[in-house]
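Novice: Pasting a structure here, questions to come.
The values are calculated or read from the model by the stated rules, or taken from the named source; none is laboratory data. Just so you know, these numbers come straight off a predicted model, no measurement behind them. Methodologically, a virtual Cβ is constructed for each residue, glycine included, from the backbone with ideal geometry; neighbour enumeration extends over all protein chains shown.
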Amino acid sequence: MSFETTALSNGLPVVVSPAPGTPRVAVCFAIRGGSRTQERPGVAGLAARLLLKGTRTRTAEAIADEIDRRAIDLDQISGAEHLMIRLTCLNSQLDPALDLVADLLQNSTFADFPKEAARLAGEIQSHLDQPRERARDLFLRTMFAGHPYGHTGTLVLQSLPELDADRVRAWYERQLCATRMNCVVVGDVATEELVPRLEARFGGIPAMDRALPVGPPPTPTAPTVATEAKAEANQAQLYQGWYAPGFGDADRAPLSALNTLLGAGGLSCRLFVELRDKQGLAYTVRSGYSAFSDAGLFSLYIGTSPGNIQRAIAGFREQVDRLYNEAIPPGELDHAKGHLEGEYVLSHETNVQRCTDYAVHHILGLGLDYSSRFLEQIRAVQVEDLQRVARQYLASAPVTAVVATQEALAAADLA
């Protein structure tokens, strides 16, 4: 997929990827920062939500009516490293859609804060009622204690009474900077015709000369076991994790392949076959690898019978030990590579998928062609690379989080 790059007069980078003949155009505005830069849990998420809840000239109802009337698909994304507004619309509706987004980005009032904070609190409570999500919440705030990567729903609930519209607005205004954001457009558009339209709407965004307000990288938590008792839990929920490299590291590719082989590659991956099929330990079992700017996280998850907590922990240790003590068959690695390549193809089929990909990787400084380069790195991974990263990152004792009944925790000597 080809793309052209330019900038508005204020320095705002613009990326245009022509897709002739397609009836819908996708547009992403990404702002560097996200929850990584928030001082209190919940600020970034609330800011993103409130962008769609009213401006100086549009009420929340008017925004919703315009979105529906013009058949615009518009959403906001609040991530750890960036904030994004993303839209898809018919080609004929591009100008009204850009008018709307310009208003949202530059004129949102954040006045609907009380109602939106209440909605967010209700959503988090509902989320935490699910045992697996409660365990993940416990795991992340243990793994990244004292760092924004660990600002989970539990901490957001504790923080909400201390937040108000002014605090959220002030955080957002510090993030909104033309040279720390981008505009990516994928569709049947011509760059020379599009740029003046963008300039008229977004050329007034300030280009402040100041550093991104980020704190220090996370301080690793010593290996520990965190537990939380949940009455009437039918399953025990268990997470384990290790610190791993962030998204710019050369070891991201072998760790991604290792993750796919171990527990993210579907029904044939090792954890599923060994712990679920052969031993009957798991209702659900998976591995995961998340990469951030300052760190990464390699994790294992299992939902198991309350009486099998220690067996599940032992099963995890056995499968991780195998990764660096036994030769990995080349066929398993080829299977993992094929799975990742298939995911890549499926995630780049539509204009909005490509637009999101370009916007995220550009704003993170990885380059517009990062996905294709990363795919080549995956193809180049060798068996010895998997064993090397397993030994380097997974050999130490993990951080563990368990949510189960008090009786199950006591029976597993974890109470």
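Novice: Can you find, within region 326-345, the residue that is farthest from the chain's Cα centre (by Cα) among those that are part of a helix (DSSP H, G or I), surrounded by fewer than 17 Cβ atoms within 10 Å (Cβ to Cβ) and among the acidic types (Asp, Glu)?
Specialist: Filtering region 326-345 for residues that are part of a helix (DSSP H, G or I), surrounded by fewer than 17 Cβ atoms within 10 Å (Cβ to Cβ) and among the acidic types (Asp, Glu), the one farthest from the chain's Cα centre (by Cα) comes out as ASP334.
Novice: Taking the condition in contact with a Ser or Thr (Cβ under 8 Å, 6 or more places away or on another chain) and not aliphatic (A, V, I, L, M), does PRO96 pass?
Specialist: no
Novice: Check ALA359, ALA314 and return the single one that is in contact (Cβ under 8 Å) with a residue 40 or more places away in the chain and not in a loop (DSSP other than H, G, I, E, B).
Specialist: ALA359
Novice: Of the residues in region 150-168, how many are touching a residue at least 40 places away in the same chain (Cβ under 8 Å), within 16 Å of ALA401 (Cα to Cα) and part of a helix (DSSP H, G or I)?
Specialist: 1
Novice: Inside region 199-297, counting only strands (runs of 3 or more DSSP E) that do not spill past its ends, which hold 1 or more residues that are within 20 Å of the chain's Cα centre (by Cα), among the charged types (D, E, K, R) and modelled with pLDDT of 95 or more?
Specialist: So the answer is 282-291.
Novice: How many residues, within region 55-72, are surrounded by fewer than 14 Cβ atoms within 10 Å (Cβ to Cβ) and touching a residue at least 40 places away in the same chain (Cβ under 8 Å)?
Specialist: 2
Novice: Going by what's in this entry, would ASP129 be described as assigned by TED's automatic domain parsing to the domain that holds LEU52 and more than 24 Å from LEU52 (Cα to Cα)?
Specialist: Taking the combined requirement at face value, the residue satisfies it.
Novice: May I ask you to list the residues in region 1-11 that are touching a residue at least 60 places away in the same chain (Cβ under 8 Å) and in contact with a strand residue (DSSP E or B) (Cβ under 6 Å, 6 or more places away or on another chain)?
Specialist: Correct list: MET1, PHE3, GLU4, THR5, THR6.
Novice: Need the failing condition index for ARG36 against (1) in contact (Cβ under 8 Å) with a residue 40 or more places away in the chain; (2) surrounded by fewer than 20 Cβ atoms within 10 Å (Cβ to Cβ); (3) of a type in the set (Lys, Arg), just the number.
Specialist: Unmet for ARG36, out of (1) in contact (Cβ under 8 Å) with a residue 40 or more places away in the chain; (2) surrounded by fewer than 20 Cβ atoms within 10 Å (Cβ to Cβ); (3) of a type in the set (Lys, Arg): (2).
Yes/no matrix, rows are residues, columns are (1) at pLDDT below 95; (2) surrounded by 15 or more Cβ atoms within 10 Å (Cβ to Cβ); (3) in the same structural domain as SER268 (by TED's automatic domain parsing):
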position	(1), (2), (3)
GLY315	no, yes, yes
ASP321	no, no, yes
TYR324	yes, yes, yes
SER347	yes, no, yes
THR356	no, yes, yes
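Novice: Let me ask something else about it. Of the residues that make up region 20-31, is at least one in a helix (DSSP H, G or I) and closer than 22 Å to ALA165 by Cβ?
Specialist: no
Novice: Looking at region 90-109, can you tell me whether even one residue there is over 30 Å from ALA190 (Cβ atoms), in a helix (DSSP H, G or I) and touching a residue at least 12 places away in the same chain (Cβ under 8 Å)?
Specialist: No, region 90-109 contains no residue that is over 30 Å from ALA190 (Cβ atoms), in a helix (DSSP H, G or I) and touching a residue at least 12 places away in the same chain (Cβ under 8 Å).
Novice: Quick check, is THR260 surrounded by fewer than 18 Cβ atoms within 10 Å (Cβ to Cβ), within 30 Å of ALA312 (Cβ to Cβ) and either touching a residue at least 40 places away in the same chain (Cβ under 8 Å) or not assigned by TED's automatic domain parsing to the domain that holds ASP103 (or both)?
Specialist: No: the conditions fail for THR260.
Novice: Would you tally the residues in region 380-406 being small (Gly, Ala, Ser) and assigned to a strand (DSSP E or B)?
Specialist: 2
Novice: Among the residues in region 33-44, are any under 25 Å from the mean Cα position of the chain (by Cα), more than 17 Å from PRO148 (Cβ to Cβ), not charged (D, E, K, R) and not in a loop (DSSP other than H, G, I, E, B)?
Specialist: No, there is no match, as no residue in region 33-44 is under 25 Å from the mean Cα position of the chain (by Cα), more than 17 Å from PRO148 (Cβ to Cβ), not charged (D, E, K, R) and not in a loop (DSSP other than H, G, I, E, B).
Novice: Additional query: Quick check on ASP75: is it part of a strand (DSSP E or B) and out of contact with any helix residue (DSSP H, G or I) (no Cβ under 9 Å at 6 or more places or on another chain)?
Specialist: Yes: the conditions hold for ASP75.
Novice: Going through region 94-106 one residue at a time, which ones are surrounded by fewer than 19 Cβ atoms within 10 Å (Cβ to Cβ) and under 23 Å from GLN353 (Cβ atoms)?
Specialist: none
Novice: So, ARG252, is that one in the same structural domain as ASN10 (by TED's automatic domain parsing) and surrounded by 14 or more Cβ atoms within 10 Å (Cβ to Cβ) or not?
Specialist: For ARG252, the condition - in the same structural domain as ASN10 (by TED's automatic domain parsing) and surrounded by 14 or more Cβ atoms within 10 Å (Cβ to Cβ) - is not met.
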